[in-house]
Structure formats: structure tokens, C-alpha cells
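**Q** Let me begin by handing over the structure; questions about it come next.
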Amino acid sequence: MKHELLQKLSEYVEFGKINQSSPYPPQMKGELGADELTRQLLDAGVEAQEILTSGLMPGMERIGLKFRANQVFVPQVLMSAKAMNAAMIHLKPYFASGAAKQKGTFIIGTVMGDLHDIGKNLVAMMVEGNGYKVIDLGTDVNSEKFITAVRENPDAVVGLSALLTTTMVNMEKITKEIKEAVPGTLVAIGGAPVNEDFCKKIGADAYSSDPQGVVEFLNSKVA
Amino acid sequence: MIREFNFKFDELVIDYKKIESILGYTSGQLPPPFNYYLEEALTEAKCLADIRGCYRVMDDPVILEKENKILINDEVFEVGKTLCKEMRGSERLAFFICTAGSVISQKSETLLHGDDPVLGYVYDVLGSSIVEAAGDRLQSILEQKVESKQEKITNRYSPGYCQWPVWDQHKLFSLFQGSTSGVSLTASALMTPVKSISGVIGIGKGVRYREYTCTLCSGKACIYRKIRDGMQIPLV
Ligand code: B12
């Protein structure tokens, strides 16, 4: 029974079913949602950790893969993130008390000079949905802010986003300065004008064209 | 002379098909809540009073095709090879700035970071469509104006596209002597409000209008290209 409910929860996340009153997705109209089911599972004594690992994360992973394969687009991913958030509200106290743990910390920001942030937000949501603590520094972020955040969160991985070729230069500068200040820090980069070659050239550790790629990178390094 | 316009939402031709496809659906197939969200955003957009645009026509541009540059008065625009070619035959150049305004830009930002990122995204996509539609409107006003002189116009091109660096926007903005339709530039040459565009349109008897297509752009990870490929619909 527990497994079936966790499976159901993963589907609620995958398809973005937030709560019972939510009309989306049409095929789940009238059913419960991630909100109620998470509460039910906790009340039935299922551990918060298990809900995260076996319910929420698989759902988030599936939507990430569908997004990569162009089967769904940004709004559907945002619906999944919303369903995930509705569930996380119930789980937050367990993370705060240490009863449940996230896999690691990811610090993300759009680099100095750039104001684009939809892509960055999406990456932040997907990484969080895959079991990481995410610190979002916002847009127009300089090296100093990244370095301070890394110092406050040792072992965190940094994600840099840029949508303009002009701000790619800043990506290089920020990557170098982070690595100088806190040697060994892993830096992942992404955004429309960036590619694998550029990543190698600036000494970053991973490039990915979509959020799922950075999740896979994190899983390979941290988890 | 600088010409400035205030656009009403209703006089703009919004590309609804494109909005729906960016949201991931074919035309007329938006399910709840996206259809409600779009309706809500459209209702609010009808009240927007800060959709604005301006252009300034400059005479006698010198198009240096070998050097990939265009000279206007004493200003050098490093527009790149593609644009020099597109501007070939222009007797005059119209520089423009357009904005969907700060209201919608802020609305989407607040929602995206707050209560409802999905609704925020709908506003974001609508805001982008509005500024593009304002660009279309400005372009057609210009087209009508030059038609009387038997002249034609090119498509519009923006700094940041086709190897034209964004920092040339500083030069572009300086042509407007402060009358920039409420749009300002950051030091790194980005415009605020976010939902703004700027660029240039060629005018002359011998110019050609060419559609802007994915083939002109090298962005492989572009979300629009992915939508086009994923849904097999012809998006530019
Ligand atoms: C919508 C859009 C606009 C809109 C709105 C912009 C906004 N900020 O709200 C409007 C029409 C207003 C606009 C204006 C301009 N734009 Co514009 N715009 C776009 C467009 C079409 C989509 C951007 C978007 O919303 N994407 C949706 C998100 C989900 O995708 P994403 O950001 O790419 O993120 C994904 C991946 O990149 C990745 N990712 C992102 N970050 C990270 C980080 C990590 C760590 C990882 C792993 C992955 C990752 O994951 C995300 C999800 O898959 C892009 C084209 C494109 N290729 O993306 C151009 C684009 C960004 N714009 C561009 C330009 C030039 C401009 C202007 C400067 C043009 C002008 N002079 O008028 C202005 C500037 C506006 C300003 N305020 O200063 C250029 C930039 C090119 C360059 N050479 O630098 C682009 C790339 C278009 C192009 N083909 O050349 N723009």
C-alpha cells in the first residue's frame, strides 16, 4: 500500500497535480494532489526521507527527462515544481530538525551583467526537486557574492547561468575567482550561448543544455 | 526627428498561436489552468498604459561591408557581416526602442519569485509577445510612412543578434537624447524594463524585407528551436 501511495505521489509531481481543488492535469481532476497525499503519508507514519526519495524525487526526475526530450515545456515543469513545493511545505520541519536530509547544496545565480532568469529559476527548481538544498542568489551576481555563499556552505556546488554572449566573459572571471578563493569548488554552467567547448576553455567542471544535465552531474559528484 | 508613440494593447497584433506554442500546446488546446491564466493576463494587459516605442530616422548611413560596420554621423556601429548585408541599399536607417513597460515586467517577476511561478511565466511570455507586437506596429507605421516615397523597409534587427554586440546599444540610445520611451540601459547594456527591445530598420528603394528565421541564428540550445523541433511546427 505504501509503495502504491508513494508511486501515486511521484505521479502527482510528474503531472503537476498540486492539490485536490487543482483542475490540472485534466485527467486527474477530482483526485487528491501532492499536498494532501504527502500529509496522509506522514500521518500514516511514513518517514519524510522516504517520501522525498521515493515519492517526490522520481516524479521530478521523470518530468526532467520529458523536458529534455521536448515532450513537455516550461509551464508543465513549473506545475511539477509547484506540486513539489506543496509537498515540501509538509516536509520542511523534518529537514529543519535533521530527521531528513538533502543530498547536498547547490548555489545558483545569473552572472554579473545579465538579468535573464527564467532558465536559472527552472534549473533551481529541478535541482531542488531532485533532493538538493538550493541557494538562489538571483541575477546580476558578482564573484564576491558567489564566494561568500561558498564559504558559508562548504562543499556546495556552484551553478552559473548566462544568456548573453557579453556576459559569458563574466562567467569565465567568476569561475576563476571562485576556484582561486575556495579551491576544489565545482562549477557547472549553462544558458543559451554557452557550450561544452566554452566550459572547457574557462575551466568549469560541467556544461549542460538543460536542468536534468546538472542534476545528473550533481548526482555523480555529490550523492 | 524622434517620433514617439504610446500604444494601446488593442491596437497591437498579438501572436496568440506563438504564445500557446511556447506554453507547450497547439492552438486552441490550452487546458486549465493555463487558459484561465492567459485570460487573466490578457484582461490585465488590456489596461496597460505604458506600452511605448520611438524611432529616429538617420540620413546618409555609410555601410562599410568589408569592415562589417555602419557609420552614422560620427558614430561607428559594429553591426557585423550579416547585418551589413541585410542593410545593403539603405538610404536611411531608422533606429528604434520599444517596451511593453514596467508594469507587466514587474508583475511577471513578482509572481515568478512568489506565489505563482506558472502565472508569472504566462505574464512573462505575454510581456515578450507585447514588446514584439509593439515592434511590429512601429515597423508598419514606418513602412506606411516611406511607402508614399516609393521606398521600402528591411526587417528589424537588434544589437545582440547576428554578431552585433549588445554594447552598441549605448550608441543607439545616445541617438535619442534622453527620449527613450522610458527605457534605460544598465552599464552592461541591458534594458530596463526587461520587456524591451531596440534595433535598426533599413529604408530605401532597393532594400529587401527578409523574414528572420532560425537559420540566421546559431543557438542550438534555444528553447524556441526545441519547441519547433519538438512540436514540428514552423516557428521562426
Ligand atoms: C524571450 C526573449 C526575450 C524577451 C524577454 C527577455 C526577458 N529577459 O524576459 C525580449 C523580447 C524582451 C528580449 C529582449 C532582448 N533580447 Co532576448 N531572447 C529571448 C529568448 C527568445 C528566450 C529567452 C527565454 O526566456 N528562454 C526560456 C528559458 C527557459 O530558457 P533558457 O534561459 O535558455 O534556460 C534554459 C537553458 O539555457 C538552461 N540553463 C540556463 N541557465 C542555466 C544554468 C545552468 C547551471 C544549467 C546547467 C543550465 C542552464 O536551462 C534552461 C532550461 O532548459 C532568447 C533566445 C534563446 N535562445 O533563449 C533571446 C536572447 C536571449 N535575446 C537576445 C537578445 C540579444 C536580446 C536583446 C538584447 C535584443 C535587443 N537589443 O533588443 C534584448 C535585451 C532585453 C533587455 N531587457 O535588455 C539574444 C542574446 C544573444 C547574445 N548574443 O548575447 C538571444 C539569445 C536571442 C538570439 N537568438 O540571439 N528577449
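The values are calculated or read from the model by the stated rules, or taken from the named source; none is laboratory data. None of these values were measured; they are calculated from a predicted model. Quick reminder, even Gly has a Cβ in these numbers, built from the backbone with ideal geometry, and neighbours come from all protein chains shown. Note: accessible area is taken over every heavy atom of the protein model, side chains too, but ligands, DNA and RNA are not part of it. Shrake-Rupley method; radii C 1.70, N 1.55, O 1.52, S 1.80 Å.
**Q** Show the residue pairs meeting these rules: Cβ distance below 9 Å; 6+ apart or different chains; first residue within the stretch A:21-47 and loosely packed, with under 10 Cβ neighbours inside 10 Å; second residue in a helix (DSSP H, G or I).
**A** Sorted first by the residue in the stretch A:21-47, then by its partner, the pairs are A:27/A:15.
**Q** So which residues in the stretch B:183-207 are β-branched (Val, Ile, Thr) and either part of a loop (DSSP other than H, G, I, E, B) or under 12 Å from residue B:169 (Cα atoms) (or both), if there are any at all? Explain how you work it out, then say what you get.
**A** Quick first cut of the stretch B:183-207, residues β-branched (Val, Ile, Thr) only: B:183, B:186, B:192, B:194, B:197, B:200-201, B:203, B:207.
If the condition is that a residue be β-branched (Val, Ile, Thr) and either part of a loop (DSSP other than H, G, I, E, B) or under 12 Å from residue B:169 (Cα atoms) (or both), then B:183, B:186, B:194, B:197, B:200, B:207 are the ones that fit.
Every residue, every condition in (1) modelled with pLDDT under 90; (2) away from the ligand (no atom under 14 Å from the Cβ), yes or no:
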residue	(1), (2)
A:119	no, no
A:132	no, no
A:143	no, yes
A:160	no, no
A:171	no, no
A:192	yes, no
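**Q** Can I ask one more? How many of the residues in the stretch A:16-35 are within 10 Å of chain B (Cβ to nearest Cβ), small (Gly, Ala, Ser) and out of contact with any Gly (no Cβ under 8 Å at 6 or more places or on another chain)?
**A** Looking only at the stretch A:16-35, we keep the residues that are within 10 Å of chain B (Cβ to nearest Cβ), and these are A:16, A:18, A:22-27, A:29.
Cutting the leftovers down to small (Gly, Ala, Ser) gives us A:16, A:22.
In the following step, the residues that additionally are out of contact with any Gly (no Cβ under 8 Å at 6 or more places or on another chain) were identified as A:16.
Total satisfying the criteria: 1.
**Q** Quick one: is residue A:57 open to solvent by less than 10 Å² (accessible area, probe 1.4 Å) and in contact (Cβ under 8 Å) with a residue 24 or more places away in the chain?
**A** Values: open to solvent by less than 10 Å² (accessible area, probe 1.4 Å): no; in contact (Cβ under 8 Å) with a residue 24 or more places away in the chain: yes.
Judged against the criteria, residue A:57 is not a match.
**Q** Follow-up. Suppose the filter is assigned to a helix (DSSP H, G or I), more than 18 Å from residue B:53 (Cβ to Cβ) and touching a Gly at 6+ places or on another chain (Cβ under 8 Å); does residue B:114 pass it?
**A** no
**Q** If you check A:103, A:82, which single one turns out to be among the basic types (Lys, Arg), within 14 Å of another protein chain (Cβ to nearest Cβ) and buried (at least 17 other Cβ atoms within 10 Å of the Cβ)? Before you say what the answer is, go through the steps one by one.
**A** Working: A:103 fails: within 14 Å of another protein chain (Cβ to nearest Cβ).
Residue meeting the stated conditions: A:82.
**Q** Filtering the stretch B:170-199 down to residues that are within 9 Å of the ligand (Cβ to nearest atom) and open to solvent by less than 10 Å² (accessible area, probe 1.4 Å), which residue is nearest to the other protein chains (Cβ to nearest Cβ)?
**A** That would be B:189.
**Q** Restricting to the stretch B:1-38, and then to whatever is at the interface with chain A (Cβ under 9 Å from one of its Cβ atoms) and either part of a helix (DSSP H, G or I) or among the aliphatic types (A, V, I, L, M) (or both), can you tell me which residue is most open to solvent (accessible area, probe 1.4 Å)?
**A** First, the residues of the stretch B:1-38 that are at the interface with chain A (Cβ under 9 Å from one of its Cβ atoms): B:21-25, B:31-34, B:36-37.
Retained after the next criterion (residues that are either part of a helix (DSSP H, G or I) or among the aliphatic types (A, V, I, L, M) (or both)): B:21-23, B:34, B:36-37.
Details: B:21: 5, B:22: 9, B:23: 0, B:34: 0, B:36: 124, B:37: 32 Å².
Of everything passing the filter in the stretch B:1-38, B:36 is most open to solvent (accessible area, probe 1.4 Å).
**Q** Here is a further query. Which residues, taken from the stretch A:100-154, are among the acidic types (Asp, Glu) and closer than 21 Å to residue B:124 by Cβ?
**A** Selection gives A:114, A:117, A:128, A:136, A:140.
**Q** Let me ask something else about it. Considering only the stretch A:60-79, state which residues are under 16 Å from residue B:37 (Cβ atoms) and either more than 9 Å from chain B (Cβ to nearest Cβ) or open to solvent by 40 Å² or more (accessible area, probe 1.4 Å) (or both). Walk me through how you get there before you give the answer.
**A** Taking the stretch A:60-79 and keeping what is under 16 Å from residue B:37 (Cβ atoms), we get A:73-79.
Result: A:77, single match.
**Q** Do we have residue A:172 as open to solvent by 20 Å² or more (accessible area, probe 1.4 Å) and under 27 Å from residue B:116 (Cα atoms) here?
**A** Details: open to solvent by 20 Å² or more (accessible area, probe 1.4 Å): yes; under 27 Å from residue B:116 (Cα atoms): no.
So residue A:172 fails the test.
**Q** Quick one: which residue in B:141, B:153 is hydrophobic (A, V, I, L, M, F, W, C), away from every other protein chain (no Cβ under 14 Å), away from the ligand (no atom under 12 Å from the Cβ) and surrounded by fewer than 17 Cβ atoms within 10 Å (Cβ to Cβ)? Can you show your working first?
**A** Working: B:153 fails: surrounded by fewer than 17 Cβ atoms within 10 Å (Cβ to Cβ).
Exactly one of B:141, B:153 is hydrophobic (A, V, I, L, M, F, W, C), away from every other protein chain (no Cβ under 14 Å), away from the ligand (no atom under 12 Å from the Cβ) and surrounded by fewer than 17 Cβ atoms within 10 Å (Cβ to Cβ), namely B:141.
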